[in-house]
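**Student:** Take this structure, written in structure tokens, and hold onto it; I'll ask about it next.
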Amino acid sequence: MLAKDLRELKAKDLSNYAASLFLTLGDEPDFQYFLPRLLDIATAEDWWPSPPVLLEKLKLAHWHTWPEQRRATVKRVIDLWYAECLDAERADGSDIDDLLCGIARADLALDEYLDALAKRPDELRAFFEIHAHAFFKRGRLGDSFWRDHLVGELAVLDFLNTPAVQERLGI
């Protein structure tokens, strides 16, 4: 991978690396080097690793200890990615769910993202439909990636249980 210019690396070049990062290969300096390209690919195309897997790498890289400017830049990219996800032509609950879960797994507070979702009735409904069965049956979210991040799951469940959101969802 280092033989190519970073901007020339394609999704297929980085997919295995990104999925295995910190598990079987790679370290923080590697991750920081490849992160701009990883985010560029992830925000532009449907790609493995999914947002929950990729964005959790931020937590594993201790990104909250990085210099403020670097953290702010990464958060700005995530914020723009989320805004684009909500602005997609057709509300896709799976895409919203994947990205919200990834944001939670990066240890970012979900409040601002959930507030934005609450203002988008179609997107809110699409997101809820992904979890409706598990929500009503077990009081949980339906995606197993959330189960590995209880703080994020509880934040979403608290959000879904607010009277204003329940009214918007008609539940």
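**Student:** Going through segment 1-26 one residue at a time, which ones are part of a loop (DSSP other than H, G, I, E, B) and surrounded by 14 or more Cβ atoms within 10 Å (Cβ to Cβ)?
**Tutor:** In the first step, residues of segment 1-26 are kept if they are part of a loop (DSSP other than H, G, I, E, B); the result is 1-5, 9-10, 22-24, 26.
Residues satisfying the conditions are L9, F22, G26.
**Student:** Can you find even one residue in segment 138-156 that is over 16 Å from the mean Cα position of the chain (by Cα) and on the phi > 0 side of the Ramachandran plot?
**Tutor:** yes
**Student:** Every residue in segment 75-93 that is outside any helix (DSSP H, G or I) and of a type in the set (G, A, S), please.
**Tutor:** Hits for segment 75-93 are A88, A91.
**Student:** Could I ask something else about it? Does D92 fit the bill of being at pLDDT below 95, in contact with an Asp or Glu (Cβ under 9 Å, 6 or more places away or on another chain) and exposed (fewer than 15 other Cβ atoms within 10 Å of the Cβ)?
**Tutor:** no
**Student:** Looking at A155, A134, A118, A109 in this structure, which one is of a type in the set (A, V, I, L, M) and surrounded by fewer than 13 Cβ atoms within 10 Å (Cβ to Cβ)?
**Tutor:** That would be A109, the only listed residue that is of a type in the set (A, V, I, L, M) and surrounded by fewer than 13 Cβ atoms within 10 Å (Cβ to Cβ).
**Student:** Sticking with this structure for a sec: Which residue is surrounded by the fewest Cβ atoms within 10 Å (Cβ to Cβ), if the candidates are limited to segment 40-89 and must be aromatic (F, W, Y) and more than 23 Å from R125 (Cβ to Cβ)?
**Tutor:** Only one residue fits best here, namely W48.
**Student:** Could you list, in sequence order, all residues of segment 100-129 that are over 16 Å from D148 (Cβ atoms), aliphatic (A, V, I, L, M), in a helix (DSSP H, G or I) and under 15 Å from the mean Cα position of the chain (by Cα)?
**Tutor:** Within segment 100-129, L114, A116, L117 qualify.
**Student:** Something else about it: Can you tell me which residue is nearest to L110 (Cα to Cα) among those in segment 146-165 that are among the β-branched types (V, I, T) and part of a helix (DSSP H, G or I)?
**Tutor:** Ranking the candidates gives V156 first.
**Student:** What is the one condition in (1) free of Cβ contacts under 8 Å to residues at least 12 places away in the same chain; (2) part of a loop (DSSP other than H, G, I, E, B); (3) aliphatic (A, V, I, L, M) that A72 does not satisfy?
**Tutor:** (2)
**Student:** Name the pairs whose Cβ atoms lie under 6 Å apart, with the first residue in segment 104-127 and without any contact (Cβ under 8 Å) to a residue 60 or more places away in the chain and under 19 Å from K59 (Cβ atoms), the second surrounded by 22 or more Cβ atoms within 10 Å (Cβ to Cβ) and acidic (D, E), and 6 or more positions between them or separate chains?
**Tutor:** Here the result reads R105/E56, each pair linking segment 104-127 to a residue that is surrounded by 22 or more Cβ atoms within 10 Å (Cβ to Cβ) and acidic (D, E).
**Student:** Filter segment 27-65 down to the residues that are free of Cβ contacts under 8 Å to residues at least 12 places away in the same chain and outside any helix (DSSP H, G or I), then identify the one that is nearest to D5 (Cα to Cα).
**Tutor:** Result: D27.
The values are calculated or read from the model by the stated rules, or taken from the named source; none is laboratory data. Keep in mind that this is a model prediction, so the values were computed, not measured. Cβ: placed from backbone, ideal geometry, glycine included. Neighbour counts: every protein chain shown.
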